[in-house]
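Comments concern the structure below.
Just so it is clear, none of the values below were taken in a lab; they were calculated from the coordinates. Keep in mind the model is a prediction, meaning the values are calculated, not measured. Don't worry about glycine lacking a Cβ; one is built from the backbone with ideal geometry, like all the others, and counts go over all protein chains shown.
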Amino acid sequence: MRVNHEYGRGGALAYRAAYDVHRAKVFGRCEVTTGITPFMALVEQVMTTEPYARRVFWIVDYGSSHRGKKAADRLTKAFPSAIMVHTPVHASWTNQIEIFFLIVQRKVVSPDDFPDLVQVRNRVRAFEDRYNTAAQPFQWRFTTSDLDDLLARPDRH
């Protein structure tokens, strides 16, 4: 008996998102490509949607669309209050949006058996909407004084 499996690749989407840690809000975009233009479209979406503070820190990894001094200069030229900060190499887990992407990967797009890209886009956007209605910002209670106290008394550990 001969078994034949037919597979038709339906394409791919790039989900770009930014996370506002003060409001626990995700700003996302599904794009058909990656690069500088989609990244800057996300930046524009965020920076023109909310009245932001005097400085807005964009914590990014070393993706090609936001790597190096040229990317930082491009960001600041477009939005003077935006400051690009790169995570340490191999430390993407410290970036809150990367944690969100992990949840999307495990809970939203797996298993990856969607009939078309429209359904993928709709499912990702629906999850983003649900997340934005339910999420609450962290209320940090641990201060730098608390850290100094712990470091001064290592026997307490």
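Data overview
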quantity: Prolate/oblate/rounded label for the stretch 50-115 (Cα gyration tensor, a/c 1.5); calculated: prolate
quantity: DSSP beta bridge pairing in the stretch 14-129, given as percent antiparallel to the nearest 5; calculated: 60 percent
quantity: Cα-only radius of gyration and Dmax that characterise the chain, units Å; calculated: 19.6, 73
quantity: Simple label model, 7 Å out from Cα along Cβ direction - A134 to H22, nm; calculated: 2.6 nm
quantity: Footprinting exposure proxy for H66, H90 (fewest neighbouring C-beta atoms within 10 Å first); calculated: H90, H66
quantity: Full-stretch length increase - T87, D61 - with 0.36 nm per residue and alpha-carbon distance subtracted; calculated: 8.8 nm
quantity: FRET E, pair L102, L147, Förster distance 22 Å, beta-carbon r, rounded to 0.05; calculated: 0.25
quantity: Folded to 0 to 90 degrees: helix 96-107 orientation relative to the chain principal axis, Cα; calculated: 30 degrees
quantity: Modelled label reach - L117, point 7 Å along Cα→Cβ, the stretch 10-29 residues with backbone N closer than 17 Å; calculated: 10-17, 29
